[in-house]
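Following: one structure in structure tokens, then a few remarks.
Every number in this text was worked out from the coordinates using simple rules, so none of it is lab data. Bear in mind that the values here come from a model prediction, so they are computed numbers and not experimental data. With ideal geometry, Cβ positions are generated from the backbone for all residues, glycine too; neighbour counts draw on all protein chains shown.
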Amino acid sequence: MSFFITFEGVEGSGKSTQIQPLRQQLESRGHRVLTTREPGGCPIADAIRAILLDSANRVLVPRAELLLYAAARAQHIEQVVRPALAQGVIVLCDRFADATTAYQGGGRGLDAGLVKELNAIATAGLLPDLTLLFDLPVELGLSRARHRNQQEALLDEGRFELEELDFHQRVRAAYLALARHERRFRIVDATGDPGLVAARVTAVVDNFLTRGEQP
Ligand SMILES: Nc1ncnc2c1ncn2[C@@H]1O[C@H](COP(=O)(O)OP(=O)(O)OP(=O)(O)O)[C@@H](O)[C@H]1O
Ligand SMILES: [Mg+2]
């Protein structure tokens with residue numbers, strides 16, 4: 001049975017850290033699993049990712065940003081996500097359309113109707129079965145992300161980390177508002193050490209899989 005599970009949350013909340021242990025755990029139980037990420041996940045979308053995350057691109061205007069995310073997403077879904085789901089694979093995706101609602105809608109303040117329309121065009125109706133929202137105070141996430149970027153020379157992917165605290169607080173609030181309204185969301189407390197967070201993820205996903213239905 002295929003499932004589409006997305007990982008969401010503010011910068012440095014631990015999405016990319018948690019996706020591999022979940023993959024291993026699901027594989028050890030006999031599931032076929034694909035991990036992927038947005039923006040990116042295939043060569044065309046990766047090229048768009050480089051534009052979107054490059055901290056040199058400060059002049060990128062919000063509407064252009066929105067359209068680039070939509071283009072990357074449309075390509076990634078058609079080329080990677082839908083084919084995998086059609087083969088019965090569990091797809092774990094590091095960020096998806098909710099990130100656009102939170103960042104371009106909540107963070108940038110673009111019109112909610114416009115963001116919704118663009119998401120609908122980009123996804124062509126594909127919705128996650130389960131969305132894990134890694135939630136923590138934005139200051140903690142940002143300090144983790146900045147430390148990581150220095151350690152891993154990821155400075156060229158830091159465009160969003162340059163934003164003010166306010167921006168990230170709006171993003172967090174938009175995510176939490178989505179989680180209140182969409183039944184597919186589960187909020188994961190992203191504070192504490194990675195092992196503790198992984199145990200929370202396992203509990204949520206186990207619960208979802210044993211029920212075998214949408215949350
Ligand atoms: N629970 C944790 N406690 C402490 N540090 C953590 C924890 N989880 C992840 N980290 C570290 O914090 C940094 C950010 O984590 P990670 O890259 O997984 O976040 P992310 O949500 O994917 O961020 P981004 O939104 O920027 O992609 C990494 O250096 C990671 O090793
Ligand atoms: Mg990440």
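For the reader, a short list of remarks on this structure follows.
- 3J(HN,Hα) along region 79-93: 8, 10, 6, 4, x, 5, 4, 5, 9, x, 8, 7, 9, 9, 10 Hz, from the Karplus curve 6.51 cos²θ - 1.76 cosθ + 1.60 with θ = phi - 60°, whole Hz, x for Gly and Pro.
- Long-range HN-HN contacts of ARG37 with modeled amide H, under 5 Å: ASP94
- Inter-label distance, nm, simple model (7 Å from Cα along the C-beta direction), GLU152/HIS181: 3.2 nm
- Divide the volume of the convex hull around the Cα atoms of the chain by the residue count and you get 115 Å³ per residue.
- Selected from VAL115, VAL171, VAL204 as most flexible by GNM, with the chain as the system and alpha-carbon contacts under 10 Å: VAL204
- Trypsin sites (Lys or Arg not before Pro), loop per DSSP, at most 15 other Cβ atoms within 10 Å - longest free stretch of the chain: 59-182
- For the chain, built as a Gaussian network whose Cα springs stay under 10 Å, the top-fluctuating residue of ASP98, ASP129, ASP111: ASP111
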